[in-house]
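A short write-up of the structure that comes next.
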Amino acid sequence: MKPQLKKFMDAIGKDAVAIIPAAHEVTRSYDTEYKFRQDNDFLYLTGFPEPDAVAVIAPGNKKNPYTLFVRPRDPEMETWFGRREGVEGAKKNYGADKTLPIEKFAKEFGKLLDGHDKLYYRFGRYEWLDKLLLQYLSTQRYRRLKTAYPPHTIIDPTLIIGEMRLHKTTEEVAFMQKAGDIAAEAHVLAMQNCKPGMNESEIESIIEHHFRMSGASGAAYNSIIGGGDNATILHYVENNMTLKDGDLLLVDAGCEYQGYASDITRTFPVNGKFTQAQRDIYDVVLDVQIACCEATKVGTTIKQRQELSIELLTEGMKKIGLLKGDTKKLIKKKAYFKYYMHGVGHYLGLDVHDAGRYFTDQQAKHSRPFEAGMVLTVEPGIYVPPDDKDAPAKFRGIGVRIEDDVLVTESGNVNLTAKVPKHAEEIEEIMAKAKK
Ligand code: GLY
Ligand code: MN
Ligand code: MN
């Protein structure tokens, strides 16, 4: 049993039972599926990699606190679609106290729920299971009054699991460091191989090839490879245009290692040399990024870090002539928002935008201070729309973002993606060396 599951059991207590489902395969088109990706809460608690499984966790059940329903072995299905652990393998290799074929779930789960006050279950994720649970609940009303003792309180486990996922263990940090290292190497390769006339897709393939060659399962999200104006589209993923001499290239790409994501952005000149206008914007973003990395430490709140990024970016935009006026007034009227319209970062872990609450209260008014064990991205940017008449012509169509992944520690923080350079001179040097 994973230590995470043990901790979850302690958290929900002996009078509770939890139903945690695995993901289901998703059709891509006609009779082909997307590559399977496990549900992260299920993966976190069980480590079981297959679709169509359900874990029933009942800490008060002395004999079988952990029951896992899985796809049974099936020689014909396995010949067509791949190996399965089956009930024996799931028990032997994943520490379940009892394993049953998934086909028996509908008939059996009610018995496992009886005798518990609370049911931990998240509605709204898997329709087939929601339907079963609703049917169960509607029949239990009568039983509850007359005979048995089914759960009377239903609780969404997202908060408990989210809190656990937010604070990384030593093992999780090691996986995230590896994900950071692999992605950092891939970004360096992109810089070294980039040339005018290449297609964005070639850079994408260089990066993702390195991910796969290095033990990552692939990209953690759709890579963003935006040359020129495309860098001003935040979630540009077409990645199919020619890279032009004199343009910048924004690369936002991270990999997934043992389920854990890295999330890195670097912006560099296609021809290896920044123009003065590109450099002006780049250096503003870099200074803000470095300051926000430093601020990612115990005690700073998400809101404070966001405000810091806004203040410094506004000042930087003024310095280079992108904005004019009094800094306080510019901030008040959100003048920066046209050029910086997103958050400075997010939690990172199994999901690229990871689980965990950002506020300390129910009204979402009090921003949460950073705590040791959290991993956050730091990703300020400036994006000048190509048709922005207010901006000096030299800045139009320039998009710059710089993003690292930072682990908060008791004594400060660790940049998990430090292996890819971010100072303009270092980037130019790497690119120049690669040309020789
Ligand atoms: N790559 C997604 C993000 O930076 O949030
Ligand atoms: Mn990010
Ligand atoms: Mn990113």
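Brief remarks follow.
- Only residues that are within 16 Å of ligand 1 (Cβ to nearest atom), part of a loop (DSSP other than H, G, I, E, B) and closer than 19 Å to residue 262 by Cβ were counted in segment 198-233, giving 5.
- Any chance residue 99 is among the hydroxyl-bearing types (Ser, Thr, Tyr) and surrounded by fewer than 16 Cβ atoms within 10 Å (Cβ to Cβ): no
- For segment 243-260, the criterion of a residue being within 13 Å of ligand 1 (Cβ to nearest atom), open to solvent by 10 Å² or more (accessible area, probe 1.4 Å) and among the aromatic types (Phe, Trp, Tyr) is satisfied by no position.
- Only a single criterion out of (1) open to solvent by 50 Å² or more (accessible area, probe 1.4 Å); (2) farther than 19 Å from residue 23 by Cβ is not satisfied by residue 94, namely (2).
- Of all residues in segment 376-400 being open to solvent by 10 Å² or more (accessible area, probe 1.4 Å) and outside any loop (DSSP other than H, G, I, E, B), the one that is farthest from ligand 1 (Cβ to nearest atom): 393
- Subset of segment 352-368 (residues that are in contact with a strand residue (DSSP E or B) (Cβ under 9 Å, 6 or more places away or on another chain), open to solvent by less than 50 Å² (accessible area, probe 1.4 Å) and either acidic (Asp, Glu) or within 16 Å of ligand 1 (Cβ to nearest atom) (or both)): 352, 354, 355, 356
- Within segment 129-141, the set of residues being surrounded by 12 or more Cβ atoms within 10 Å (Cβ to Cβ) and over 13 Å from residue 151 (Cα atoms) comprises 129, 130, 132, 135.
- Residues of segment 70-90 include none that is within 20 Å of residue 165 (Cα to Cα) and of a type in the set (A, V, I, L, M).
- Residue 365 being more than 16 Å from ligand 3 (Cβ to nearest atom), of a type outside the set (S, T, N, Q), in a loop (DSSP other than H, G, I, E, B) and at pLDDT below 95: yes
- Among residues of segment 346-361 being without any contact (Cβ under 8 Å) to a residue 12 or more places away in the chain and more than 16 Å from ligand 3 (Cβ to nearest atom), the one that is farthest from the chain's Cα centre (by Cα) is 361.
- Just one of the numbered conditions (1) among the charged types (D, E, K, R); (2) exposed (fewer than 15 other Cβ atoms within 10 Å of the Cβ); (3) within 16 Å of ligand 2 (Cβ to nearest atom) is not true of residue 319: (3).
- Top-ranked residue of segment 329-340 - restricted to ones that are in contact with a Leu (Cβ under 8 Å, 6 or more places away or on another chain) and under 16 Å from residue 385 (Cβ atoms), ranked as nearest to ligand 3 (Cβ to nearest atom): 340
- Residue match in segment 43-56 (condition: within 25 Å of residue 352 (Cα to Cα), without any contact (Cβ under 8 Å) to a residue 60 or more places away in the chain and not in a loop (DSSP other than H, G, I, E, B)): yes
- So residue 184, is it modelled with pLDDT of 95 or more and under 20 Å from the mean Cα position of the chain (by Cα): yes
- For segment 260-302, a residue qualifies if it is under 29 Å from residue 361 (Cβ atoms) and among the basic types (Lys, Arg), and exactly one does: 297.
- Restricting segment 409-436 to residues that are outside any loop (DSSP other than H, G, I, E, B) and under 19 Å from residue 168 (Cα atoms), the residue that is farthest from the chain's Cα centre (by Cα): 412
- Sole residue being closer than 17 Å to residue 12 by Cβ and part of a strand (DSSP E or B), chosen from 119, 112, 100: 119
- Looking across segment 5-42 at every residue that is among the basic types (Lys, Arg) and assigned to a helix (DSSP H, G or I), the one that is farthest from residue 353 (Cα to Cα) is identified as 6.
- Selection from segment 48-82 of residues that are of a type in the set (Gly, Ala, Ser) and surrounded by fewer than 17 Cβ atoms within 10 Å (Cβ to Cβ): 60, 82
The values are calculated or read from the model by the stated rules, or taken from the named source; none is laboratory data. This one's a predicted model, so the numbers in the text were calculated from it and none came from an experiment. Don't worry about glycine lacking a Cβ; one is built from the backbone with ideal geometry, like all the others, and counts go over all protein chains shown. Please note that ligands, DNA and RNA were not included when accessible areas were found on the heavy atoms of the full protein model with its side chains. Shrake-Rupley method; radii C 1.70, N 1.55, O 1.52, S 1.80 Å.
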